[in-house]
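What follows is a single structure, written as structure tokens, with notes after it.
Please treat every number below as a calculation from the coordinates, not as lab data. If you're wondering where the values come from, they're calculated on a predicted model, not measured in any experiment. Cβ sites come from the backbone with ideal geometry, for glycine too, and all protein chains shown count toward neighbours.
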Amino acid sequence: MKKIIAYILAAAVVVALVMAGRTTAMAGFDDTELTARQVEVHEAAELLRELGVNENDPAITALQEEWWRCDKLKGARYLGTYAVTGYDPYCAHCCGKADGITASGAVATEGYTVAMSGDFPFGTRIYIEGLGVFEVQDRGVGPGKIDVACDSHADCYALTGRYKVWVVNDG
Ligand SMILES: [Zn+2]
């Protein structure tokens, strides 16, 4: 019983940590803060493991995701908030063609290819908060906008919204 209470308390701390970190990231951050946060997150995960929490438990998974989120943001350049939409690169209705060939010549990869304005050279890697890392391979959108290659129209609609965006240099 004590163990269950300890777990519930630890899980509450974990959730609070993750939420606090997201607020911090929105307000601006530097690499020192990110490293400090990674240590915090790692220690919280270790605490849960000591309490016997399974490695696949959502609380531990959330901490691991937060650790990687911090890692991606290191050395990243914050661009601002972008209007993000999705497109199916193999749909003639979306693209006027269905071959999946992007403006860069690369074959579009769903969940990885994005279209941005000419301000961003092909090959630029960006991190969209909550969505992951993508590569600029396509054009057709104006400044302040990003179009993400998706598997389906349902996925396109699901991700449509405004997101914080960074340029990352993680190769
Ligand atoms: Zn379409």
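Put in line by how crowded their Cβ is, counting other Cβ atoms within 10 Å and starting with the fewest, Val165, Val107 read Val107, Val165. Restricting the trypsin sites (Lys or Arg not before Pro) of segment 65-109 to loop positions (DSSP other than H, G, I, E, B) with no more than 11 neighbouring Cβ atoms within 10 Å leaves Lys97. Taking one quarter of the surface of the C-alpha convex hull of segment 77-168 gives a mean projected area of 5.0 nm². Radius of gyration (Cα atoms) of segment 49-113, expressed as a multiple of 2.2 N^0.38 Å: 1.74. Each residue of segment 148-160 is assigned a 3J(HN,Hα), and the resulting list reads 9, 5, 10, 5, 8, 5, 4, 5, 4, 5, 4, 8, 4 Hz, derived from the Karplus form 6.51 cos²θ - 1.76 cosθ + 1.60 (θ = phi - 60°), x at Gly and Pro. Binning the C-alpha pair distances of segment 43-83 at 5 Å intervals from 0 yields a P(r) profile of 6, 20, 21, 16, 13, 10, 8, 5, 1 %, listed from the shortest bin outward.
In terms of its Cα atoms, segment 128-171 spans 30, 23, 19 Å along the principal axes, sorted from long to short. Counting neighbouring Cβ atoms within 10 Å and putting the fewest first, the residues Ile101, Ile128 line up as Ile101, Ile128.
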